1. With a sphere of radius 13 Å drawn around the Cβ of VAL30, what net charge do the other residues whose Cβ falls strictly inside it have (Lys, Arg +1; Asp, Glu -1)?
2. Over the stretch 235-378, what portion of Cα pair distances is larger than 26 Å, expressed as a whole percent?
3. Once Lys and Arg get +1 and Asp and Glu get -1 on their Cβ, which of TYR391, VAL256, GLY289 lies farthest toward the positive end of the dipole of the chain?
4. Per-residue accessible area for TYR295 at 1.4 Å probe radius, Å² rounded to 10?
5. Can you tell me the equivalent ellipsoid semi-axes for the stretch 329-386? Use √(5λ) from the Cα gyration tensor, largest first, whole Å.
6. Is there a quick way to get the dipole size of the chain? I mean about its Cα centre, with the Cβ of Lys and Arg at +1 and of Asp and Glu at -1; what is the value in debye to the nearest 20?
7. Top to bottom by accessible area (1.4 Å), largest first, where do HIS20, HIS645, HIS453 land?
8. Accessible area per residue of the chain at 1.4 Å probe, in Å²?
Amino acid sequence: MMGAIADRLLPGRPYPLGAHCDGMGVNFAVFSAHAHRIDLCLFDESGRKEIARMALPECTDEVWHGYLPRAGPGQVYGYRAFGPYEPQHGHRFNPHKLLIDPYARKLAGSLRWTDALNGFRREERGMDRRDSAAAVPKCVVVDDAFDWHGDQRPEWPWGQTVIYEAHVRGMSISREDMRPIERGTFRALTDPALIDHLLSLGVTSLELLPIHAHVNDRFLVERGLRNYWGYSSLSFFAPEPCYLSRNELHEIRTAVRNLHAAGIEVILDVVYNHTCEAGETGPTLSWRGLDNASYYRLVPGDERHYINDTGCGNTLNLSHPRVVQMVMDSLRYWAEAFRVDGFRFDLGVTLGREAGGFDPGAGFFDALLQDPLLSRLKLISEPWDIGPDGYHVGHHPPGFAEWNDRFRDTVRRFWRGDEGVRPELATRLAGSGDLFNRRHRRTWASVNFVTAHDGFTLADLVSYAHKHNEANGEEGRDGSNENLSSNWGVEGPTLDPDVLATRAAAARAMLATLFCSHGTPMLLGGDEFGRTQFGNNNAYCQDNEISWFDWRLAASDEGRAMTAFVARLAALRHEYPSLRSERYLADYHFVEEGLAEIGWFDEQGERVGSEAWNDPYRRALVLRRAARHDGRVEVTLLLVNGHDHAVPFSLPAPVVRWRMLVDSSRPEAPEAEMVEVSLELAPRSVVLLGCRMNVP
């Protein structure tokens, strides 16, 4: 903060929104179409004592603004908004509530739950007049200057991308080789050992669960729990303070720069579909108090209530130009000020909802895809929400990749032993063209995954037939009841060597399927060494050992073996282009005479006919892919045995000598092992063979 601040506000400017320092003072600008007046409240550095309150002197195009001379970085502030309190018409102004600037770039203090946060009296009989300032985090003016000299985005092509999904806190909080102050923060992401681990796995892109400041919901706090995942946004610009060891924004920039130097992109999971203010009985913290009728989708004709397409009580109104502007400004801020490389959009269907429902040509998508910076980053959508007609996998516009839950479910069902899954498995292996092969989209648009933060880990997927969410305190009502999992004979931990061997084999088969499929593979962090959540498939509120990485598992013999197996799969995917074709392949396109770029065969080496495809009991399959690369023809052969018994395979012509690349039944890397005519596959296993031929 600069010297003594002025005692009055100058008119200032309506742009840019937020609080911006020019070296001589700070310009404050905040949108509200329906307010009658907005006060700027200034606090001391502790955020506990209000030292001044001044009305923003001007309103231009529905933006209230004022300039405070001699203020600077470190200035602590908040807003109070005056306007109609008419919930039936969508207006919930209450000047007794201190409001967070939607564009605040840093927050100080934490939210303290109290009834004073409510904007209304019990049963909405009128405005609640208790002051909420003592319980609300305060906004802090920041200086975003940072020396990015030498930083260069890795810019991995989609076809070579391998995503690793992780949580900033959970990834490192248990690392005993780090200083305690750094564990669970962005500083930990600069640790050479952690970066080396990602590099050893062939990871190109680290996708982080939400890092925006969020609220620990009141019902969780009352249970002694926390909103660990962070899908309850309190700010779209300010990071979560507990992810910073000293609450310095440069910690994020330093982490990004170090990851970039190692060739690793950073993708942020972002939540623009709803806010932490919940439904009509939720707290008044920011958007609701500034302009409820503009920021949220309200029920037509009953604007006291919110449209709830998100399941979180409210839905942001992405049909409003100022709300679109806020989201776009937030995305550009993270892309420019922190140089992140992409975004994964939580409940992406909500962002594309217009008055008539989901629209691939929605205004938000148009704004994003025409942006000269953002359109060049990696954009990933979670293509569903809980609203009407909310499932839209494959329906996003070109330029987006999408989480493909059809891949997840198909792989789980096949390796669990379900009947009749082989045809769909083939479709998923080939890039899910039934979903994405339209509008000239590429195979990378399908983000393939077997596990993600939401659901079982891989170790739990093969260890539990049922969810075990008792620690969540919701009597088992939360989390999916159908996980397409198998415990292979024993529910949970066991010392039975046969059960353990079967579980490990099933896990390796699913990993091999993931890395050998066309599309973009996403690995859930910790799956490479057997991380468990002890059967909890909805650990959103478990900020403890249930969710944290247990790095002792990584040091075990089993953990090292699985990590090495994943690393080999990623290395082979990089080495053999036919495993990661960005183009949809066709069996009528030929690389060489008699050698189509893709072909499907049975265990006898014969092409699979239509009648065989429809046989629900057939669980063996061979996928041959060929590509020209560096003046040679490269061919891979993926052999799949989904039966619970060994199966002999005859290999299809014309290649007669193959190199063994992977055998999921043997996690160690096969060294220079050659296969010519046939081989036998172990139960529930995948074998990958490769061959390179010189051509004229």
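The values are calculated or read from the model by the stated rules, or taken from the named source; none is laboratory data. From a predicted model like this one, the values you see are computed outputs, not experimental measurements. FYI the Cβ positions are ideal-geometry reconstructions off the backbone, even for glycines, and counts take in every protein chain you see. These accessible areas exclude ligands, DNA and RNA; they are computed on the full protein's heavy atoms, side chains included. Shrake-Rupley method; radii C 1.70, N 1.55, O 1.52, S 1.80 Å.
1. -3
2. 31
3. Farthest along the dipole direction, towards plus: GLY289.
4. 10
5. 22, 12, 9
6. Its charge dipole is roughly 1140 debye.
7. The most accessible residue leads, giving HIS645, HIS20, HIS453.
8. 38
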